[in-house]
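Nothing in this text is a laboratory measurement; each read-out follows from the coordinates by a stated rule. Predicted model, so just to flag it, every value in this text is computed and none were measured. Ideal geometry is used to build each Cβ from the backbone, glycine not excepted, and the neighbour counts take in all protein chains shown.
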Amino acid sequence: MKSVTFGKLNGSALKIGIAVSRWNHEITDALLRDCLRALEDARVKKKNAIVMDVPGSFELPYAVLRLIQDDKVDAVVCLGCLIKGETMHFEYIAQAVSTGIMQVQLDTNVPVVFGVLTCLNEKQAYERSVGEGTHAYKWGLSAVEMGLLRKESRQIKPRSHLR
Ligand code: RBF
């Protein structure tokens, strides 16, 4: 199984936003729990983990924007679960959410982690949200890593041929 690894992260100086959808809430509640556990393990203070819930995944990009503008978070995780049905909603919502959060992160210079499951059925959704080693734990760590990257002061060293 291909997966990402993380070093030891110190998020004690970070404020992390979590935007979570209530649609398919059994799944998104589980994602939220794991994401919060990751933030705690990465030393993010409880008061600095700001959760905002919205009705469905389509509303996530707006919630992300509000977390960035109002709460001045250093990074955001979006949590949602789309399950394919008989109509085209799945494709439209998945496209809108992924494009929306990409737009917000590039417009605001605040990283946003894509934690929206796009599943073909409920079984896939349960397998990816409940039990050991869920994605949401890694999404939480990803937010901390990206929040640290944003805060990092990157000294611009001129290239020798430009001197
Ligand atoms: N939101 C989700 O987060 N996951 C879903 O699987 C989901 N399925 C939907 C299916 C239909 C037919 C509709 C109309 C909405 C669905 N939504 C779902 C809600 C959507 O993200 C949004 O909250 C509503 O469309 C209101 O803007």
Evaluate the Kirkwood expression for the hydrodynamic radius of the chain, namely the inverse of the mean inverse distance over all pairs of different C-alpha atoms, and round to one decimal in Å.
16.3
Using alpha carbons only, how many angstrom separate the centre of the range 85-152 from the centre of the range 38-57?
14
Furthest towards positive pole of dipole, Leu141, Gln105, Ser12, structure part the chain, Cβ charges:
Ser12
Quickly work out the Glu152-to-Lys45 label distance, labels modelled 7 Å from Cα along the C-beta direction, and quote it in nm with one decimal.
2.4
Rounded, prolate or oblate, given the Cα gyration tensor of the range 2-83, with a/c below 1.5 counting as rounded?
oblate
Using a 10 Å cut-off around each Cβ, can you sort Met52, Met102 from fewest to most neighbouring Cβ atoms?
Met102, Met52
Compute the length gained on full extension between Glu127 and Lys8: take 0.36 nm times their separation in residues and subtract their Cα-Cα distance, giving the result in nm to one decimal.
40.2 nm
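Could you list, in their original order, any pairs among Lys8/Lys46; Lys46/Lys84; Lys47/Lys84 whose Cα atoms are separated by more than 25 Å?
From the list (Lys8/Lys46; Lys46/Lys84; Lys47/Lys84), the Cα-Cα distance tops 25 Å for Lys46/Lys84; Lys47/Lys84.
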Semi-axes of the equivalent ellipsoid for the range 39-124, Cα gyration tensor, largest first, Å
25, 16, 10
